[in-house]
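Please treat every number below as a calculation from the coordinates, not as lab data. Remember, predicted model here, so these are calculated numbers, not experimental data. Reconstructed Cβ throughout: ideal geometry from the backbone, glycine too, with neighbour counts over all protein chains shown.
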Amino acid sequence: MNQQRLVNTIRDKASFLCVGLDPDPARIPVHLGSGPEAVLAFNRAIIEATADLAVAYKPNVAFYEALGAEGWEVLKETMAAIPEGCLKIADAKRGDIGNTATRYAQAAFSAWGADAVTVAPYMGRDSVEPFLAFEDKWTILLAATSNPGAEDFEFHGAEGGQPLWRRVLEVSRTYAGAERLMYVVGATRPEWLAEVRAVVPDRFLLVPGVGAQGGSLEAVCAAGWAEELAGGLLVNVGRSLLYASSGEDFAEAARKEAQKNQQAMAETLAQAR
């Protein structure tokens, strides 16, 4: 999916909702059973209930890896269940060099059928450019994340006293294929989100942390809006949507949570016009 198609999808759906598909087997409704089959049934129901409201889905690879060999098939089938026109993000946070990075990219883009993959930039250019070599695919670099441990490195000074996340943004723009970059910026740090947007005004930002982590959709939009990209934001909502109900009505409850977010997004898009 190219950037213009993503922008068009956001405008058509009046939404920039990304659904995080991180299925915890302990929280899957009991009537679905247990094991990999239950996880897949849960994912399919969530996707079906929200497909007209979301523009992207983000399965976190760890939740599938933990299921063993069958988990890889569940991941592949989950990706296949995501409808055409929605961005399929493999949240893998890969970070290695050379042939290894290329194989990670092949796994995400070819074996799993993802349109985008999250990548850790710590090892630099030769850990990122192998992902960028895949045309019509997106590499989403971790920049200023929402976890408490981000303070350990991301927000400390690099050259010139700038925080490390700012150097990630600036240097990565020089990489071959940089036009296929997006960035992860946490919703719990809106004061930094505005600074990120100033450095990368022409890039989409994947924003986790709205909902269960306490991030504010209003603050995210105020800080990170990019008008030419229909906002340029993919706001991820995970646990508050997936587990809105633990009963047989879990999919209906997830849809209501998705609708609440989408309606707020639609209002923001309308005001921006």
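When only alpha carbons are used to place a centre, segment 34-73 and segment 173-224 end up 25 Å from one another. Here the gap between residue 227 and residue 256, fully extended at 0.36 nm per residue and compared with their Cα-Cα distance, gives a gain of 7.7 nm. Taking every Cα-Cα distance in segment 18-142 and sorting them into 5 Å bins from zero, the calculated P(r) comes out as 2, 12, 22, 22, 18, 13, 7, 3, 1, 0 percent.
Report the full-extension gain for the segment residue 263 to residue 176: residue separation times 0.36 nm, less the Cα-Cα distance, to one decimal in nm. Let's see the in-between values first.
Details: separation 87, 0.36 × 87 = 31.32 nm, distance 3.79 nm.
27.5 nm is the gain from fully extending residue 263 to residue 176.
Label positions at residue 100 and residue 4, each projected 7 Å from the Cα along the C-beta direction, are separated by 3.9 nm. Modelled spin labels at residue 151 and residue 62, positioned 7 Å past Cα toward Cβ, are 2.0 nm from each other.
Under 5 Å between amide hydrogens, built in the peptide plane, is the criterion, and for residue 206 it picks out 183, 184, 185, 234 among residues at least 5 positions away or on other chains. If you take every DSSP beta bridge whose two residues both sit in segment 3-272, what share of them, in percent to the nearest 5, is antiparallel? In segment 3-272, DSSP labels about 5 percent of beta bridges as antiparallel. Projecting label points 7 angstrom from Cα along Cα→Cβ for residue 126 and residue 111 puts them 2.4 nm apart.
Below 15 Å Cα-Cα, how many Lys pairs turn up in segment 3-272? Only count pairs eight or more apart in sequence, or on different chains, if you could. Close lysine pairs found across segment 3-272: 7.
Got a sec? How would 61, 7 order by Cβ neighbour count within 10 Å, fewest to most?
On the way: 61 22, 7 18.
In order of increasing Cβ crowding within 10 Å: 7, 61.
Seen from residue 103, the other residues with C-beta closer than 12 Å to its C-beta sum to a net charge of 0, counting Lys and Arg as +1 and Asp and Glu as -1.
First select every other residue whose beta carbon is under 13 angstrom from the beta carbon of residue 50; then total the charges, Lys and Arg +1, Asp and Glu -1. Walk me through the numbers before you get to the answer.
On the way: positive: 13, 44, 58, 255, 256, 260; negative: 48, 52, 252, 257.
Neighbour charge sum, excluding residue 50 itself: +2.
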